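Comments concern the structure below.
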Amino acid sequence: MKAVLLTGHGGPEMLRLGDAPDPVAAPGEVVVDIHAASVNAADYKVRLGNGRYRLARFPHILGRDFSGVVSALGPGVSDLALGDAVFGVTEQGVEGAYAEKIAVKAAIVARKPAGLGHVEAAALALTGLTALRAIEDTARLRAGETILIQGGAGGVAGFAIQLAKHLGARVITTASQGNHAYVRALGADRAIDYQAEDFAKTVRDCDVVFDTVGGEVQLRSYAVLKTGGRLVWIAPAPEGARPPRADVETLRPNVARDRAHLERILALLREGVVRPPAVTRFTLAQAAEAHRLSEGRHVRGKLVFAVR
Ligand SMILES: NC(=O)c1ccc[n+]([C@@H]2O[C@H](COP(=O)([O-])OP(=O)(O)OC[C@H]3O[C@@H](n4cnc5c(N)ncnc54)[C@H](OP(=O)(O)O)[C@@H]3O)[C@@H](O)[C@H]2O)c1
């Protein structure tokens, strides 16, 4: 099969389309013929290889979420059939979705409804799963609470805005001016242009901060929380930094994979609570270009490979 091979740590030029062995379905696994796979910020971090993202072996196939069609069943798989359209996210610590095929545990993929395209399903899988784990399972956001979502135009935050609004929260988000119409359409009550306004000075009494930006933005976000508030983060604070307040909780979601959360994404779609993010499409051969954009950290919505 064809796959995007990461040939070493470094710039986007370390990615090239090449041949890789076809995956085989082990017990409990299915092989999925991938129709679409999405680009996540984690991918360029793995490519660069800093800190915990350092790989021991190359070539390596990046990519975590995908949508496609089941083309082989491993021993013991009885709840999926050949030809089923499915989508999902690889297990934590496992990658390989920038490819024409992937072997994955059947228990962590879900059937994709016919009305949802492969590109949209791939765009929703890890973003939706992460937002659900962060907002529902970790922050336990409640009706009437106020949440500040940092980086509202990104993939995870876009899902989180819609979900938080649905849960009955007041939603404040940060985005550059050009993305304000986009985040408002997702449901944000207030959009802050972080280049023109210092949120740490103008926002206060939040119950929850959901930080998808990280770095200094995370440290400065503590200022907006009320006593007893929760800061939930998925992008890290600066190395060695400690939470500056003891009267609030600092929480990191465990973004574990399972079918139930993928089905929750589908239920929210069916109910019209969420819609797929803005998507920019690429082919696998354009992986380096997609990575340049992703690493720039100003993507609106998602970058997705249309694989076949
Ligand atoms: N399992 C996990 O823990 C997990 C899962 C998924 C993602 N993540 C992490 O979560 C982070 C977000 O990922 P993502 O894919 O959703 O989005 P992303 O591509 O990393 O973020 C892009 C967005 O961030 C916004 N942005 C950049 N700088 C900003 C700033 N200073 N203030 C406010 N917004 C800013 C940009 O909007 P503007 O152009 O408007 O600035 C852009 O839309 C990444 O670090 C990723 O690695 C973690």
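The values are calculated or read from the model by the stated rules, or taken from the named source; none is laboratory data. None of the values given here were measured: they were computed from a predicted structure. Methodologically, a virtual Cβ is constructed for each residue, glycine included, from the backbone with ideal geometry; neighbour enumeration extends over all protein chains shown. Heads up: the accessible areas ignore ligands, DNA and RNA and are worked out on the full protein's heavy atoms, side chains in. Shrake-Rupley method; radii C 1.70, N 1.55, O 1.52, S 1.80 Å.
If I ask for residues that are more than 15 Å from T250 (Cα to Cα), away from the ligand (no atom under 11 Å from the Cβ) and either under 13 Å from the mean Cα position of the chain (by Cα) or not in a helix (DSSP H, G or I) (or both), which ones from the stretch 133-153 would you list? Residues satisfying the conditions are R142, A143, G144, E145, T146.
For the stretch 20-59, filtering for residues that are more than 18 Å from R308 (Cβ to Cβ), among the small types (G, A, S) and within 17 Å of the chain's Cα centre (by Cα) leaves 2. Pairing each residue of the stretch 193-206 that is free of Cβ contacts under 8 Å to residues at least 60 places away in the same chain with any residue that is part of a loop (DSSP other than H, G, I, E, B) and of a type in the set (S, T, N, Q), provided the two are 6+ apart or on different chains, yields C-beta distances under 9 Å for D193/S176; Y194/S176; Q195/S176. Contact map, the stretch 122-147: first residue on the phi > 0 side of the Ramachandran plot, second residue surrounded by fewer than 24 Cβ atoms within 10 Å (Cβ to Cβ), Cβ cut-off under 7 Å, separation 6 or more or different chains; pairs are G144/G168. Reported count of residues in the stretch 222-234, each being within 14 Å of the ligand (Cβ to nearest atom) and over 19 Å from G154 (Cα atoms), is 1.
P59 satisfies every condition listed in (1) more than 16 Å from the ligand (Cβ to nearest atom); (2) open to solvent by 50 Å² or more (accessible area, probe 1.4 Å); (3) farther than 19 Å from A3 by Cβ except (3). Restricting the stretch 186-196 to residues that are in contact with a strand residue (DSSP E or B) (Cβ under 6 Å, 6 or more places away or on another chain) and open to solvent by 30 Å² or more (accessible area, probe 1.4 Å) leaves a set whose member that is nearest to G151 (Cα to Cα) is Y194. Restricting the stretch 171-180 to residues that are under 13 Å from I147 (Cβ atoms) and in contact with a Lys or Arg (Cβ under 8 Å, 6 or more places away or on another chain), which is surrounded by the fewest Cβ atoms within 10 Å (Cβ to Cβ)? Taking the candidates together, the pick is I172.
Could you please let me know if L268 is within 13 Å of the ligand (Cβ to nearest atom) and over 22 Å from V104 (Cβ atoms)? Spelling it out, it is not the case that L268 is within 13 Å of the ligand (Cβ to nearest atom) and over 22 Å from V104 (Cβ atoms).
Residue-by-condition table, conditions (1) hydroxyl-bearing (S, T, Y); (2) away from the ligand (no atom under 14 Å from the Cβ); (3) touching a His at 6+ places or on another chain (Cβ under 7 Å); (4) under 23 Å from A41 (Cβ atoms):
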| site | (1), (2), (3), (4) |
| --- | --- |
| P236 | no, no, no, yes |
| R259 | no, yes, no, no |
| L284 | no, yes, no, yes |
| G301 | no, no, no, yes |
| V304 | no, no, no, yes |
| V307 | no, yes, yes, yes |
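The single residue among V94, V156, V183 that is open to solvent by 20 Å² or more (accessible area, probe 1.4 Å), of a type outside the set (S, T, Y) and within 10 Å of the ligand (Cβ to nearest atom) turns out to be V156. Here L293 meets the list (1) part of a loop (DSSP other than H, G, I, E, B); (2) open to solvent by 20 Å² or more (accessible area, probe 1.4 Å); (3) within 12 Å of the ligand (Cβ to nearest atom); (4) of a type outside the set (S, T, N, Q) almost entirely, failing just condition (1). Here is a check on your reading of the model: is T127 closer than 20 Å to A256 by Cβ, surrounded by fewer than 23 Cβ atoms within 10 Å (Cβ to Cβ) and within 16 Å of the ligand (Cβ to nearest atom)? Considered against the rule, which asks whether it is closer than 20 Å to A256 by Cβ, surrounded by fewer than 23 Cβ atoms within 10 Å (Cβ to Cβ) and within 16 Å of the ligand (Cβ to nearest atom), T127 comes out as no. Among the criteria (1) under 16 Å from R64 (Cβ atoms); (2) under 22 Å from the mean Cα position of the chain (by Cα), the one G11 does not fulfil is (1). Taking first residues from the stretch 280-299 that are closer than 15 Å to G154 by Cα and partners that are at pLDDT 95 or above and open to solvent by 70 Å² or more (accessible area, probe 1.4 Å), the Cβ contacts under 9 Å between residues at least 6 apart in sequence or on separate chains come to T280/L293; T280/R300; V299/L293. The set of residues in the stretch 228-259 that are closer than 21 Å to T130 by Cα, open to solvent by 60 Å² or more (accessible area, probe 1.4 Å) and more than 16 Å from the chain's Cα centre (by Cα) contains only E249.
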